[in-house]
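K.L.:
My structure is below; once you've seen it, I'll send some questions.
The values are calculated or read from the model by the stated rules, or taken from the named source; none is laboratory data. Model, not experiment: these values are computed from the prediction. Because the Cβ atoms are built from the backbone with ideal geometry, glycine has one as well, and the counts that use them run over all protein chains shown. We work out accessible area using only protein heavy atoms, side chains counted, and drop any ligands, DNA or RNA first. Shrake-Rupley method; radii C 1.70, N 1.55, O 1.52, S 1.80 Å.
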Amino acid sequence: MSGTFVGMPAFPKAAHEAVNNPTLRGNLRHATHTIRAKRAGAVAEVSDWAELREAGKRIKDQTLRHLDRHLVQLEESVTAAGGTVHWAADADEANRIVADLVRATGETEVVKVKSMATQEIGLNEALEAEGIRAYETDLAELIVQLGKDRPSHILVPAIHRNRGEIRDIFRREMGEWGRPAPEGLSDTPAELAEAARLHLREKFLRAKVGVSGANFMVAETGTMVVVESEGNGRMCLTLPETLISVVGIEKIVPTWQDLEVFLQTLPRSSTAERMNPYTSTWTGTTDGDGPRAFHLVLLDNGRTDTLADEVGRQALRCIRCSACLNVCPVYERAGGHAYGSVYPGPIGAILSPQLRGTASEIDASLPYASSLCGACYEVCPVAIDIPEVLVHLRERVVEGGEAVRSGNKVVLKPAKGHAAERAAMRAARWAFSHPAALRTGQRLASRSRRLHPRTLPGPGRAWSGTRDLPAVPAEPFRDWWQRTGGGKGDAK
């Protein structure tokens, strides 16, 4: 397992393999259609959903504009409540901080709440290299870990697995990680859940160190917030003696009143619930209640660079609800692994290339992993215009240009393999800037249309290999307009 899926091929190649897997496509189709139908029903119950969506967008934008001030306030609040704040510029620093904190306790095991930030930085692998074993306690994350797999969905990491596959993983792997699966385990959801519960209970009662993320951080009080549906988070956050939370700096909200908006929109957009079964909040440490030591690791890892991009920064509004994945026709067919990142789907296609840059083949291909249908924007509870950012990043990949990497302004070179695209766009720009040449070209295309091939030659073959070339009309629109007087003289 690798949090960043190093070595993954570019999206087109990975997706090509995925769409030829009928089991995977069946699992994805059933799961995404079910989730989005339930979400639509839950959202329809709220008469002021549009106003909540706009409020969430404005709160996030306002917070990002003054992120430095809010982060300083958060540090002061956490420290005043008995916690300790650590700042991590990148994944290596965050992993080193966490490993040092765990070693300081003398423990060699930790239990984990589902956390995308720790997956992003590859924390489990980093801890393993230090002789520390991390146990995932979310059911879907447990399935992924036991199966030596990778997560493929933000909300349901094991969405690509069916019940039979999960049963086989439990039977084969549970004994190697702790309590084995019960004899004769079937693939019924109740039995699978009970097997996971028995397996994990032993870990909860033994663990002295817990590792979590957070859905939100409240600056005015230093409070961390985790919402979940299984209760494993509550166990990880209360039973261990030491709690370490790794959280991206964009997860902050200024006040408790701001939190109210997101506790309405997140559950309905993610699990289609009116509210999460478990909403856990903790502020520093309290004698006789919960962990005796609390550490907050604030993670940058490309977020400040993303914030510097006036178009791309809206990706930092994301509250990880996964609604965009469940409506995306590309994700439904390709699955999450094809994105080569812990953040799959439409949000991953714009977030990963900004956090990691577009230098690698996989990251340069992600902005193209979309049909630009706009369904993702329509369902986003914080109104991230994902198609706009996709087009913006495509321009960056093809043309290069100024960007911020590791806090420094740099000039990116155009990615390899896009020379033909650049030439075509420049030719189109020239033609549209010269009306006479455009008119002549249109007339020549119309008069020679019977000679046109059905597929494009050369580099264009990649585009026309899966699409029909549109038929050229018998005459250009301008000629038709002049001939008919704007349609008035056209034959009925």
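K.L.:
Highest mean first, how do 30-36, 443-449 rank when packing is the count of other Cβ atoms within 10 Å averaged over residues?
P.N.:
Listed from highest to lowest mean packing, they are 30-36, 443-449.
K.L.:
With angles folded into 0 to 90 degrees, how steeply does helix 49-65 sit against the dominant principal axis of the chain? Use alpha carbons for both and round to 10.
P.N.:
80 degrees
K.L.:
Okay, helix-only estimate at 222 nm for the chain: each DSSP H run of n ≥ 4 adds -39500 (n - 2.57), divide by all residues, round to 500 deg cm²/dmol; what do you get?
P.N.:
-15000 deg cm²/dmol
K.L.:
Past 22 Å, Cα to Cα, is the threshold; run Lys112/Lys203; Lys57/Lys112; Lys114/Lys208; Lys148/Lys416; Lys203/Lys251 against it and keep the listed order.
P.N.:
Lys57/Lys112; Lys148/Lys416; Lys203/Lys251
K.L.:
Tilt of helix 345-356 relative to the longest C-alpha principal axis of the chain, in degrees (0 to 90, nearest 10)?
P.N.:
80 degrees
K.L.:
Would you mind classifying the chain by shape? Square roots of the alpha carbon gyration tensor eigenvalues, ordered a ≥ b ≥ c; an a/c under 1.5 is rounded, otherwise it is prolate if a/b is larger than b/c and oblate if not.
P.N.:
prolate
K.L.:
Measuring from a point 7 Å past the Cα of Arg405 along Cα-to-C-beta, which residues in the range 68-95 have an amide N at less than 19 Å?
P.N.:
89-93
K.L.:
So for the range 294-423, what are the equivalent ellipsoid semi-axes in whole Å, largest first, each being the square root of 5 times an eigenvalue of the Cα gyration tensor?
P.N.:
Largest first, the range 294-423 gives 22, 20, 13 Å.
K.L.:
For the range 350-372 and the range 448-485, write down the distance between their C-alpha centroids in whole Å.
P.N.:
Going from one Cα centre to the other spans 31 Å.
K.L.:
Any cysteines in the chain with zero other Cys Cβ atoms under 4.7 Å from their Cβ? List them, or say none.
P.N.:
Cys236, Cys318, Cys321, Cys328, Cys373, Cys380
K.L.:
Between Ala436 and Glu361, what is the FRET efficiency for a Förster distance of 30 Å, r being their Cβ-Cβ separation, to the nearest 0.05?
P.N.:
0.15
K.L.:
If I stretch the segment between His33 and Arg171 completely, what's the gain in nm (0.36 nm per residue apart, minus their alpha carbon distance), one decimal? Don't skip to the end; give the middle numbers.
P.N.:
Numbers: separation 138, 0.36 × 138 = 49.68 nm, distance 2.91 nm.
46.8 nm is the gain from fully extending His33 to Arg171.
K.L.:
Another question, if that's okay. Is the range 305-364 best put as rounded, prolate or oblate by its Cα gyration tensor, with a ≥ b ≥ c the root eigenvalues, rounded for a/c under 1.5, and otherwise prolate when a/b is larger than b/c, oblate when not?
P.N.:
oblate
K.L.:
Quick check: net charge around Ala323, other residues with Cβ under 15 Å of its Cβ, Lys/Arg +1 and Asp/Glu -1?
P.N.:
So the environment of Ala323 carries a net charge of +4.
K.L.:
Taking 2.2 N^0.38 Å as the expected size of a compact globular protein, what ratio does the Cα radius of gyration of the range 1-151 give against it, to two decimals?
P.N.:
Compared with the compact-globule rule of thumb, the range 1-151 sits at 1.37.
K.L.:
Then there is this: Calculate one ³J(HN,Hα) per residue across the range 205-210 by plugging θ = phi - 60° into the Karplus curve 6.51 cos²θ - 1.76 cosθ + 1.60, and present them in order as whole Hz with x for glycine and proline.
P.N.:
Calculated HN-Hα couplings, in order: 6, 9, 5, 9, 10, x Hz.
K.L.:
How many Å² of accessible area per residue for the range 46-173, probe 1.4 Å?
P.N.:
The answer is 43 Å² per residue.
K.L.:
Which of the trypsin sites (Lys or Arg not before Pro) across the range 252-322 are loop residues per DSSP, with 15 or fewer other Cβ within 10 Å?
P.N.:
Counting only loop positions with at most 15 other Cβ atoms within 10 Å, the trypsin sites (Lys or Arg not before Pro) in the range 252-322 are Arg274, Arg292.
K.L.:
Sticking with this one: At 1.4 Å probe size, with the rest of the protein present, what percent of the exposed accessible area of the chain is carbon and sulfur atoms?
P.N.:
It is 52 percent, rounded to a whole number.
K.L.:
Angle between the Cα long axis of helix 91-105 and the longest principal axis of the chain, 0 to 90 degrees, nearest 10?
P.N.:
The helix 91-105 is inclined about 10 degrees to the chain.
K.L.:
Sticking with the crude label model, points 7 Å out along Cα→Cβ, report the distance from Arg103 to Arg449 in nm, one decimal please.
P.N.:
It works out to 7.2 nm between the two label points.
K.L.:
Return the Cα extents of the range 70-188 along principal axes one, two and three, sorted largest first, each rounded to a whole Å.
P.N.:
Result for the range 70-188: principal-axis Cα extents of 53, 31, 26 Å.
K.L.:
Which loop-located GluC sites (Glu not before Pro) does the range 234-317 contain, where loop means any DSSP state but H, G, I, E or B and the Cβ has at most 12 other Cβ atoms within 10 Å?
P.N.:
Filter output for the range 234-317: Glu310.
K.L.:
Cα to Cα, under 14 Å, and not fewer than 8 places away if on the same chain: which aspartates and glutamates meet these conditions relative to Lys38?
P.N.:
Glu273
K.L.:
Could you give the accessible area per residue of the range 347-420, probe 1.4 Å, as a whole number in Å²?
P.N.:
Solvent-accessible surface per residue comes out at 45 Å².
K.L.:
Tell me, what is the percent relative contact order of the chain, built from C-alpha pairs under 8 Å that lie six or more residues apart?
P.N.:
Relative contact order here is 19 percent.
K.L.:
Same structure again: Can you give me the C-alpha center-to-center distance between the range 236-253 and the range 144-171, rounded to a whole angstrom?
P.N.:
25 Å
K.L.:
Show Tyr339, Tyr368 ordered by accessible area, largest first, where the area counts protein heavy atoms only and the probe is 1.4 Å.
P.N.:
Descending accessible area places them as Tyr368, Tyr339.
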